[in-house]
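Reading through the C-alpha cells given below for one structure.
The values are calculated or read from the model by the stated rules, or taken from the named source; none is laboratory data. These numbers come from a predicted model, not from an experiment. Neighbour counts are summed over all protein chains in view; Cβ atoms, including those assigned to glycine, are modelled from backbone coordinates with ideal geometry.
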Amino acid sequence: MGDTAAKKYSLKEVEAHKDKKSCWIVIADNVYDVTKFLEEHPGGEEVLLEQAGKDATENFEDVGHSTDARTMMKDYLVGEIIDEEKTNTPEKLKKKWSGDSNDPDNSSSWKTWLIPMALALAASLIFRFFFISKN
C-alpha cells in the first residue's frame, strides 16, 4: 500500500460518493474509487452503483472474484476506513471464517450435508418401496 492507503475515511465520507460521477466502495475496510472502472466492470456498472458509498465486502466475497480482479483493485485504492469504524479487522475476519463450531452463525454448515443426505435416503426408501417390493 502506497501513500494513498494512509488516507483514512469515515463511512459517512464514503457515502457521499455514490453515483456515476464519483463511485467509492469499501471492501475489507479499504476504500476504492471505482468511478473509472464502472464501464469496464464485467458485471456491468449497475452492480458497482448498487454498492456505491457502502461496505461491499460481503457481496464482493459472495461473487468469488478472481485473483486478477483482486490484483486490479490496487489501482483503485484511495485509502482505508478509520479505525473506529472498521468491521473487517483480522480478528473479526478470523472469527468469521474460522468455522468456530461454537459460533451460532455457523449452524448452517451441518445443513449443507445433512439435508441432501436426508433427501437421498428418502428417495432410496421410496424407490425400494415402489419398485423393488413389486417384484
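Taking the conditions exactly as written (touching a residue at least 60 places away in the same chain (Cβ under 8 Å), surrounded by 15 or more Cβ atoms within 10 Å (Cβ to Cβ) and within 19 Å of Tyr9 (Cα to Cα)), does Gly53 satisfy them or not? No: the conditions fail for Gly53. Candidates in segment 12-37 are the residues that are under 18 Å from Arg70 (Cα atoms) and aliphatic (A, V, I, L, M); of these, the one that is surrounded by the fewest Cβ atoms within 10 Å (Cβ to Cβ) is Ala28. Taken as a whole, the condition of being free of Cβ contacts under 8 Å to residues at least 40 places away in the same chain and not in a loop (DSSP other than H, G, I, E, B) applies to Glu46. Residues considered: Asn30, Asn59. Of these, the only one that is out of contact with any strand residue (DSSP E or B) (no Cβ under 7 Å at 6 or more places or on another chain) and either under 19 Å from Thr87 (Cβ atoms) or not assigned by TED's automatic domain parsing to the domain that holds Lys86 (or both) is Asn59. Checked against (1) part of a helix (DSSP H, G or I); (2) closer than 16 Å to Gly79 by Cβ, Val26 passes all but condition (1).
You will find that of Met1, Met73, the residue that is at pLDDT below 95, hydrophobic (A, V, I, L, M, F, W, C) and in a helix (DSSP H, G or I) is Met73 and no other. Taken as a whole, the condition of being farther than 18 Å from Asn88 by Cα and either among the hydroxyl-bearing types (Ser, Thr, Tyr) or under 18 Å from the mean Cα position of the chain (by Cα) (or both) does not apply to Glu61.
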